[in-house]
Amino acid sequence: MESVKSSRRFKEIYAGGLSKANSLLVLYKLENGLNVTRAGISVSGKVGGAVIRNRQKRRLKEILRHRDSAIINGYDIIIIVRVKAADASYRELEESLMSLLKQQKLLNPETLK
């Protein structure tokens, strides 16, 4: 999975994308017209210090890496980490993210069986 890096693309996704949220994360999606899904992760300073913010980003990147084959291609997604997620475990983040991906219909039907 590739990354969304430019602030311009982040703004486009925020403006034109569909969003779903739960207590730990917010997920935006927008079609990108490519044969690959790209992801960006945003963690506010309100979540905690640099160590906490980077830990949650690393965890989310690892979850996306492990679940890459289950995610449908052709979308840009942005994951926003909420303040409540500062104390969340890897498992809690994984359950939260997979729930949002399912709600947004971003999971391959074969992987849901």
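Each reported figure results from applying straightforward, stated rules to the coordinates on display, with no laboratory input. Keep in mind the model is a prediction, meaning the values are calculated, not measured. Here the Cβ is made from the backbone with ideal geometry for all residues, glycine too, and neighbour counts use every protein chain on show.
Considering only ILE80, MET98, GLY17, the residue lying farthest towards the positive end of the dipole of the chain is ILE80, judged by Cα position with unit charges set on Cβ. Spacing of the modelled spin labels on ILE52 and SER6, each 7 Å from Cα toward Cβ, amounts to 3.4 nm. Relative contact order of region 2-105: 39 percent, from C-alpha pairs under 8 Å at least 6 residues apart in sequence. Applying a length cut-off of 15 Å (Cα extent along the axis) and a mean Kyte-Doolittle floor of 0.5 to the DSSP H helices of the chain leaves no helix. Simple point charges give the picture: +1 on the Cβ of Lys and Arg, -1 on the Cβ of Asp and Glu, and for the chain a dipole about the Cα centre of about 340 debye. For the pair SER42 and SER69, the difference between a 0.36 nm per residue extended length and the Cα-Cα distance amounts to 7.5 nm. Using alpha carbons only, the radius of gyration of the chain set against its Kirkwood radius gives Rg/Rh = 0.94.
Counting 0.36 nm for each residue step from ALA21 to THR111 and taking away their Cα separation leaves a gain of 30.2 nm.
Only helices enter the 222 nm calculation for the chain: every DSSP H run of n ≥ 4 contributes -39,500 (n - 2.57), and dividing by all residues gives -11500 deg cm²/dmol, rounded to 500.
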